[in-house]
Structures are given as C-alpha cells and as structure tokens.
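For reference, the structure is listed below as structure tokens.
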Amino acid sequence: MKKGLLIVFICLTAFSFQAQNNSDKTPSKEVIKSTVDSTLTVTLNSTIKTLYNVISAEKGVKRNWKQFKFLFKPDAKLIPSGKDKSGVFKVKYISPDDYIKNSDEWMLSNGFIEREIKRKVDVFGNIAQVFSTYEAFHSKEDERPFLRGINSIQLLNDGERWWIVNIFWTHESSTNPIPEKYFR
C-alpha cells in the first residue's frame, strides 16, 4: 500500500521525481481544443480556471498544451514538493515544457481531473499570490478524489493580462492533512 501511494505521489507531483510510463495501451488522440484563447488570461479568475481546465480531462483525451504554455511567463517554474524515498522533503524546479513531457502520457493513460475546492487570493499592485486547495480524480464519474493538496500560485499582471510565474505545491497526506481553513 505504501509503495503504491508513493508511486501515485511521485507521478502527480508534476511527475518529476521520476516519470511514470504506463504506455501499454495506446490512448486515443482525441483533443479537447488545440488553439490558444488569449481572452482566458485577462482576469485573475479566468487564468486560474483555465489552468485547472486545461490539465483536466478523461482518460484518452489529449490536453491543450498550447493553452497551458500560454498561461506561463517565460522562465516560469512548476515546483512540486514531497518526500523522497528516505522521507526527506524535497522540491524540484521544472519548466512548463518539462511538465508536459513528464505528465502527458500518464494523464492520457490514467485520466486526471483536478478541481479547485477553495481559493485565497492576495493582490498587491500587479502581483498576486493564490492559495488554491484542490482535489484530483481519474474521471468525472469518480465519487471520491484520489488526491488532494494545495497549489501556491504566483502571478504577474503586465497591464494586459495575468501570467503565471510559479506554481509551488504539495499533496495532503496522513501526516500532513489540509487545515480546515483551506476548505471554507
């Protein structure tokens, strides 16, 4: 059981501690939408909603990675955190391109739908910090999430749109439960 949870954790912390390759089955090449809609980054709310929407899809459905990359400022980082095999907390800094490379096949093979539960936003001038509590499912039909956590999302408004600068996150565990204040 512990080994299975470790594998899920590794895969879903941006699939960066080690990539999982479940490519025995060839998923369909159905694509949600492969164009970029620049209007989805005009407001802070639409930028965050687009982030969740673009990575979420049923098994076999290809994500709109063009839209995903459009959300990020050049040199932006995705920063998963979690325990390594020896139990020490680590972080890994990856680019949006690395995230796509490391997660696309797993998402196609398994399905991954991430839903925001609660959001806390702090804005000062042209910068924002969003603490976004999430839950993840393999399918919209799933009754219970297989994973929950918090995304810490930093954004910049350049006067025309919102850019994601970093996403730093960790998953909930039995030793690190999400505090109640991040659900209400």
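Could you tell me which residue of region 50-67 is nearest to Y134 (Cα to Cα), considering only residues that are touching a Leu at 6+ places or on another chain (Cβ under 8 Å) and outside any strand (DSSP E or B)? Reasoning before the result, please.
Of region 50-67, the ones touching a Leu at 6+ places or on another chain (Cβ under 8 Å) are 50-51, 54, 59-62, 67.
Then keep just the ones that are outside any strand (DSSP E or B); that gives 50-51, 54, 59-60, 67.
On the way: T50: 14, L51: 12, V54: 15, K59: 19, G60: 22, Q67: 20 Å.
Per the criteria, the residue is L51.
If I filter region 95-121 down to residues being among the hydroxyl-bearing types (S, T, Y) and surrounded by 17 or more Cβ atoms within 10 Å (Cβ to Cβ), which single residue comes out as farthest from F72 (Cα to Cα)? Talk me through it step by step, then tell me what you get.
Residues of region 95-121 among the hydroxyl-bearing types (S, T, Y): 95, 99, 103, 109.
When the remaining residues are screened for being surrounded by 17 or more Cβ atoms within 10 Å (Cβ to Cβ), the result is 99, 103, 109.
Values: Y99: 12, S103: 17, S109: 25 Å.
Result: S109.
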Task: Unmet requirement for N126, which otherwise passes all of (1) of a type outside the set (K, R); (2) in contact (Cβ under 8 Å) with a residue 12 or more places away in the chain; (3) touching a Lys or Arg at 6+ places or on another chain (Cβ under 7 Å) - done: (3)
Open item on the list: Step by step: first the residues of region 139-156, then only those that are out of contact with any Leu (no Cβ under 7 Å at 6 or more places or on another chain) and part of a strand (DSSP E or B), then the one that is most open to solvent (accessible area, probe 1.4 Å). Which residue is that?
Closed with: R148
TODO: Taking A136 as meeting all but one of (1) within 20 Å of F70 (Cβ to Cβ); (2) crowded, with 18+ Cβ neighbours inside 10 Å, write down the number of the exception.
DONE: (1)
Open item on the list: What's the number of the only condition in (1) at pLDDT below 95; (2) closer than 14 Å to I48 by Cα that S174 fails to meet?
Closed with: (2)
Open item on the list: Among the residues in region 9-18, are any part of a helix (DSSP H, G or I), surrounded by fewer than 20 Cβ atoms within 10 Å (Cβ to Cβ) and at pLDDT 95 or above?
Closed with: no
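Is it fair to say R184 is at pLDDT below 95 and either part of a loop (DSSP other than H, G, I, E, B) or over 13 Å from the mean Cα position of the chain (by Cα) (or both)? Reasoning before the result, please.
Values: at pLDDT below 95: yes; either part of a loop (DSSP other than H, G, I, E, B) or over 13 Å from the mean Cα position of the chain (by Cα) (or both): yes.
In short, yes.
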Open item on the list: I'd like the full set of residues that are modelled with pLDDT of 95 or more, among the charged types (D, E, K, R) and touching a strand residue (DSSP E or B) at 6+ places or on another chain (Cβ under 9 Å), limited to region 25-81.
Closed with: K49, E58, K59, K62, R63, K73, D75, K77
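When you check T39 against the structure, is it hydroxyl-bearing (S, T, Y) and not in a loop (DSSP other than H, G, I, E, B), yes or no?
Against the criterion (hydroxyl-bearing (S, T, Y) and not in a loop (DSSP other than H, G, I, E, B)), T39 qualifies.
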Task: Condition broken by K3, with the remaining ones in (1) assigned to a loop (DSSP other than H, G, I, E, B); (2) basic (K, R); (3) modelled with pLDDT under 95 satisfied - done: (1)
Task: Odd one out for D75 among (1) in a helix (DSSP H, G or I); (2) over 29 Å from S173 (Cβ atoms) - done: (1)
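If you go through region 78-94 one residue at a time, how many are open to solvent by 60 Å² or more (accessible area, probe 1.4 Å) and part of a strand (DSSP E or B)?
Of region 78-94, the ones open to solvent by 60 Å² or more (accessible area, probe 1.4 Å) are 83, 85-86, 88-93.
Keeping just the survivors that are part of a strand (DSSP E or B) gives 83, 89-91.
The qualifying residues number 4.
Filter region 46-69 down to the residues that are among the β-branched types (V, I, T) and within 16 Å of T35 (Cα to Cα), then identify the one that is surrounded by the fewest Cβ atoms within 10 Å (Cβ to Cβ). Can you show your working first?
Within region 46-69, the first condition is being among the β-branched types (V, I, T), and the residues that meet it are 47-48, 50, 54-55, 61.
Next cut, within 16 Å of T35 (Cα to Cα) only: 47, 50, 54-55, 61.
On the way: T47: 21, T50: 21, V54: 20, I55: 20, V61: 18.
So the residue we want is V61.
The values are calculated or read from the model by the stated rules, or taken from the named source; none is laboratory data. Because the structure is a prediction, the values reported are computed rather than measured. Virtual Cβ from ideal backbone geometry, glycine too; neighbours counted across all protein chains shown. With ligands, DNA and RNA removed, areas are computed over all heavy atoms of the protein, side chains included. Shrake-Rupley method; radii C 1.70, N 1.55, O 1.52, S 1.80 Å.
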